[in-house]
Amino acid sequence: MDTMTPKKENRSIVMNMPVAEAFIPLAAAFVNQAAQGLGLDEEGADALSLATEEVIAYLARMAQVEQDVDIRCSAGSCFIETKISLPVRELQLHAFNMTATVNADDEAGLDQMELLIASRMTDRFHITRSAGQRLVLALIKELPYPEIKRDTPSPTPGKLSQYTLQAADAAYVKWFLRLVTQYYPDALFPLDFRYPGKVVDMAAGGDYQIVTAKGPAGELGGGIAWRWEGRKTVELFGPYIFQEHGDPQMARDLMDGCIGHVARTSALALINRMPTPDLPEGYLEALEPKRNDISGDDGSPARARFRMMVEETGEVVWAHPDVVGFLQSEYRRLVFPRDIQTAGSDGEADEPFSVLSAEIDRRLSVATLRPIWPGADNAKNMAAHVELLGREAMATILFEMDLGQPWQAGFTPGLIALGFFPRMILPHAGSADLLIFQLRTDA
Amino acid sequence: MTMNDACMNKMAIDRLVPDHIKCFEAYIPSKPDDVLMKMTGCSRLLRLNNNENPLGPPPAARKIIETFPPPRASVYPSGDAYHLRCKLADRFGLHPDQFLVGNGANEVIAFVIKAFCQEGDNIVTADKTFAVYEWVATFSGFEARLVPLQDFAFDDAGMLARIDERTKILFVCNPNNPTGTYWSEERLRRFLDRVAGRQIVVVDEAYCEFVEQPDFPDGLGLIAEYPNLVVFRTFSKMYALAGLRIGYLAGDRDVVDIIRRTCVVYSVNGLAQEAALKALDDHEHILATRALVRDAKAMLTRELDHLGLTHVSGEGNFLMVRLPMSDTLAYRKLMTHGVMVRSMAGFRFPNWIRITVGLPDAMHALVEALAEMLHHDR
């Protein structure tokens, strides 16, 4: 197989400035000009600039002592990202809940939630707490790309008796996407595949890897794609075989090619949320349990699949007693050696305020909540977030709990009371496994 | 230190880290046996994952280990394994300065790469072979050019085709771990002739003592003709001294002199040096191990055929088996039976496992566990 494109470093422009109202125009102008310089159109740059202004204004009003922020504007392969990063003291943290307002007594409601307003101006928005006690607010605006034209179908490639696996160049990426979107239902490929220019840019930036099976005359017989999700997980799409009755050997070769490429990297697990009928038997395992025992679920068959890339040697995980049964059952099914230790509140003193990070993907209508800090108000705080995200028309609300962090187990009773159910375990996706909760659609 | 200072320090450290290190992930070795047994809930652990010799060290080496005087632990060993190098020289008809002893063969891989590669250089090896050549090159900032195996064997023409003016070292694992294929003397000579001294050719003979084929080359015997040839050997496999970490390289005196400049002296402990020295004399141990491997392989391949499993069994004390399931899932399932194998995804052989062939009881336990696992999977 050809050498794949390594992930490229994002081009970045950085500014450091004091958090003060006097510098808000500077921050806005910096982001606007940097974003345009990095390739965003004027409309997008204006939106990113306004979102930045909103965030800095919020920080300036909230700050009790003078401090600096770093504003980093970066060009990803298909997006421009503004990251606002500042050191933060624990007592300030609760102000970074998306539901927070500067004036807690203000009854003006949603319109006063500056962070929410900022999120509405962007395609993706998230707040994370990085190592070293810095808080990072990320505002992401996607570059605009035209949608694929499906009105002129590509002819069906015939059976290939000979083929080689090759990394796809731009022309083959587009051909591959035309065939995938023509032969496979929308549920079996990612939304990105509808935007060939975007995938070409992402492949050139190393964000997507696409390998195709090419015949001796350059015919395209099939392909497979994958992308990194963080440092430990690779998400796989396909394999896609463009022949009426499939080609099991080609599918196996594509899977071997993908796994061979991912082997000896930092990837611990390979995940396939959209397995195609061409996926050969025996390569991947069912990630999700059969879910027809959970009331309110749609009863759809388990779909997401995965494989570990490394030998599993076991570890301790921490969980609230309410989910220990689910975890025991799942770890038994997955044959994962785990020492499940119970964790939760035993009446010890808590911080008063909890903090949640919200990641909002408006294109997919998915919101993911992650706990940043525990507090006595965690149930109330989660309820406020769920209500807010419901009003923002998020169709899917997920909660990621890191089973390597005992304090996160304290959020479990509040989640269950709100109608969340434990949906699946993502092995090694956090400091230990991640337990993914999902809000029931009827909750 | 304030929190702000700590943040700044962390950012400063990030700036010190080279890009090739940022991209590299540390290898995480398996947990100790007692921890694994506790985690998996099994009462025994059959180690069929690391190609260790279940017969243990040769008797003379065993005696050295058993009688090692504790006060000697307080004294530095010979910094360059003087006596062992002399012994190796006698044994193989070379000069002591043609040998360099390391803390396992892994260490000498690093010595060679450090000695010959600089920024912009590359090494060439196979895609599906012992990982350490590729790892050391990558985390040292050099490109590792990987040539696909052909019929499970190193592809000589493919490797030659990947050489350019920045290629410094070609690594050949002979016999190959994990496929057990090997280059005959004729093929190795042809390859060395084509390289014509322009690059260093490393032939890793970690498993050479297991090979009984008459056309298998003796790398040490070719050094006089090919001064660019460097041969690796280890005491970890046939001589069962893996726990003491000792291996060596041999080459032309001038080449070894260059490699020695990058070598960390005193890295090999005294007990390992003495045990290795005694182990070399024991030919009976080699014969007994070969007989064990031969019989166990015959039994195991028969049983694997019976189970309908494809297998590749070449030279060395191991074989590879293709499973109708993920190799890492098979690893987890076999561990619940107390059987530890090597999953092959990391060797770019998904759905294959590598099994160390060993004592009959362990082989029977493995076959039983495989049969049960396959039965449940159907």
Requested in this report: Could you list which residues have their amide H under 5 Å from that of A:F420, counting only those 5 or more apart in sequence or on another chain, with H placed in the peptide plane?
Outcome: A:R440
Query raised in the report: Probe 1.4 Å, all protein chains in place: accessible area of A:F353 in Å², nearest 10?
Result: 100 Å²
Report task. Excluding residues on the same chain fewer than 8 positions from B:K237, give the lysines whose Cα lies under 27 Å from its Cα. Result -> B:K31, B:K63, B:K87, B:K114, B:K128, B:K278, B:K297, B:K333
Report task. List, in order, the whole-Hz ³J(HN,Hα) value for each residue of the stretch B:290-303 obtained from phi through the Karplus relation with A = 6.51, B = -1.76, C = 1.60 and θ = phi - 60°; use x for Gly and Pro. Result -> 4, 5, 4, 5, 4, 5, 5, 5, 4, 5, 5, 5, 4, 5
Report summary line: For the stretch A:164-286, the Cα-Cα pair-distance distribution in 5 Å bins from 0, as whole percents, is 2, 11, 24, 26, 22, 11, 3, 0
Report summary line: Quick tally, 1.4 Å probe accessible area for B:R162, B:R253, B:R85, sorted with the most first, runs B:R253, B:R162, B:R85
**Report entry** Given 12 as the ceiling on other Cβ atoms within 10 Å, longest exposed-site-free region of chain B for GluC sites (Glu not before Pro) in DSSP loops
**Finding:** B:226-378
Query raised in the report: Where Rh is the Kirkwood radius over the Cα pairs of the stretch B:37-125, the temperature 25 °C and the viscosity 0.890 mPa s, what D in µm²/s does Stokes-Einstein return?
Result: 140 µm²/s
Query raised in the report: For the stretch A:370-443 and the stretch B:282-327, what is the separation of their Cα centres, given in Å?
Result: 49 Å
Query - Within the accessible area of the stretch A:164-286 (1.4 Å probe), percent carbon and sulfur - result: 53 percent
Requested in this report: Distance between Cα centroids, the stretch B:57-100 to the stretch B:230-260: provide it in whole Å.
Outcome: 12 Å
Requested in this report: Taking the Cβ of B:G358 as the centre, find all other residues whose Cβ is under 12 Å away and add up their charges (Lys, Arg: +1; Asp, Glu: -1).
Outcome: -1
Report task. Please build a GNM for chain B, connecting alpha carbons under 10 Å apart, and tell me which residue among B:C86, B:C208, B:C23 fluctuates the most. Result -> B:C23
Report summary line: As straight-line cross-link partners of A:K198, the qualifying lysines (C-alpha separation under 30 Å, not fewer than 8 residues apart within one chain) are A:K7, A:K8, A:K83, A:K141, A:K149, A:K159, A:K174, A:K214, A:K232, B:K22
Report summary line: The summed charge of the A:P146 Cβ neighbourhood (under 14 Å; Lys/Arg +1, Asp/Glu -1) stands at 0
Report summary line: Per its Cα gyration tensor (rounded if a/c is under 1.5, else prolate when a/b beats b/c, else oblate), the protein assembly as shown is best filed as prolate
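Sorted by accessible area (1.4 Å probe), largest first, how do B:R332, B:R322 line up?
Ranked from most to least accessible, the order is B:R322, B:R332.
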Query raised in the report: Over the heavy atoms of A:W175, what accessible area does a 1.4 Å probe trace out, to the nearest 10 Å²?
Result: 80 Å²
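Using a 1.4 angstrom probe on the protein heavy atoms only, line up A:D346, A:D207, B:D34 by accessible area, largest first.
A:D346, B:D34, A:D207
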Requested in this report: Taking only the C-alpha atoms, wrap a convex hull around chain B and report its volume per residue in Å³ as a whole number.
Outcome: 178 Å³
**Report entry** Scaled radius of gyration (Cα, divided by 2.2 N^0.38 Å) that the stretch B:59-279 gives
**Finding:** 1.00
Query raised in the report: Based on the Kirkwood radius over alpha-carbon pairs, what value in µm²/s does the Stokes-Einstein equation return for the translational diffusion coefficient of chain A at 37 °C and 0.692 mPa s?
Result: 139 µm²/s
Query raised in the report: Relative to the first principal axis of the alpha-carbon coordinates of chain A, what is the inclination of helix A:378-391, with its axis defined by its Cα atoms, in degrees from 0 to 90 and to the nearest 10?
Result: 60 degrees
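Over chain B, average the accessible area per residue using a 1.4 Å probe and give it in Å², no decimals. Don't skip to the end; give the middle numbers.
Values: 16520 Å² over 378 residues.
Spelled out: the 1.4 Å probe surface of chain B, per residue, equals 44 Å².
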Query raised in the report: In the neighborhood of B:T167, defined by Cβ-to-Cβ distances under 11 Å, what is the net charge if each Lys or Arg adds +1 and each Asp or Glu adds -1?
Result: +1
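The values are calculated or read from the model by the stated rules, or taken from the named source; none is laboratory data. Computed from a predicted structure; not experimentally measured. Note that each Cβ is placed from the backbone with ideal geometry, even for glycine, and that neighbours are counted across all protein chains shown. Areas reflect the complete protein model, heavy atoms only, side chains present, ligands, DNA and RNA absent. Shrake-Rupley method; radii C 1.70, N 1.55, O 1.52, S 1.80 Å.
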